[in-house]
Every structure is written in structure tokens, then in C-alpha cells.
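One structure below.
We did not get these values from a lab; they are worked out from the coordinates using the rules stated. Note that this is a predicted model, so its numbers are computed, not measured. Don't worry about glycine lacking a Cβ; one is built from the backbone with ideal geometry, like all the others, and counts go over all protein chains shown.
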Amino acid sequence: MAQILLADDDPSVREFVKRALVHQGHSVISANDGNEALTCLESQPFDLMITDVVMPGLDGIELSERATAKCPEMKILVITGYADQQQRAAVSAGGIESILIKPFTLQQICSAAANALDDY
């Protein structure tokens, strides 16, 4: 069982992803945005962070960069519905393992998380 931090400003996406990952046996902590996710990173270790790219305040790319500096061993999976943000995430120095494009299925998010946690 992995400890997963999920950061997404869309409550329906957060719930969809959280339910899928909990069903797979993982422990999932949800954050409403990047700043809340940073606070979570201060309080406990995580094996994987899943973050949306486009969020108010601290976006997923900047969150990934800060998270990597704080927790270099943590894997990062980015989700986005915007093609231009996909390219931005791909060239980021934020330690991003992989990028998943919205909309995605339960199987796709579970597979992407499993792949990111492959060494776990």
C-alpha cells in the first residue's frame, strides 16, 4: 500500500481518482490546491503525488518543482486536460514521472499510478 497525495482543484476529479486508488489498496490524502498540497508534504511522507497542472495559486508544475526539492524520492504523476500544459510538464525540472491526459478512465489512472510506483 502506497501513501499518495492527490492535488486537484476539481472536487469531482479528486473524488473519482481517490476512490479508484483507495480501491486499489492505497492510502490517499486529498488537497484542494498546490498550497494545501505543500502543507501536506510538511506533515508526512508520500510515495506518489498526483497533481493537476492548472490550479489557482500554486500550479502543478511549480508544486512538482517544490515537492521534488523537498522530497526527491517521491514519484510525481501529472494530470492535465490542456495540450499546452502537457508540453510544459514534459520539459519541467519538477521530477515528473509521467503525464496523464484528461479525460481518463479509472483503469488508466490506476495503471499510471502503478507504473509510477513500480519501484515501490
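Summary of values
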{"item": "Sequence-separation-based contact order of segment 3-116, relative, with Cα cut under 8 Å and 6+ spacing, percent", "result": "24"}
{"item": "Stokes-Einstein D for the chain, Kirkwood Rh over Cα pairs, 10 °C, 1.306 mPa s (µm²/s)", "result": "116"}
{"item": "Dipole magnitude of the chain about its Cα centre (Cβ charges: Lys, Arg +1; Asp, Glu -1), debye to nearest 20", "result": "220"}
{"item": "FRET efficiency, 1/(1 + (r/R0)^6) with R0 25 Å, evaluated for residue 73 and residue 111 via beta carbons", "result": "0.70"}
{"item": "Ranking of 66, 19, 14 by count of other Cβ atoms within 10 Å, fewest first", "result": "19, 66, 14"}
{"item": "The chain, helix-only ellipticity at 222 nm - DSSP H runs n ≥ 4, -39,500 (n - 2.57), divided by all residues, nearest 500", "result": "-13000 deg cm²/dmol"}
{"item": "Partner lysines for residue 102 [C-alpha distance under 20 Å; skip if fewer than 8 residues away on the same chain]", "result": "18, 75"}
{"item": "Extended-chain gain in nm, criterion 0.36 nm per residue less alpha-carbon gap, residue 32 and residue 19", "result": "3.1 nm"}
{"item": "Selection from 69, 101, 39 lying farthest towards where the dipole of the chain points positive, charges on Cβ", "result": "101"}
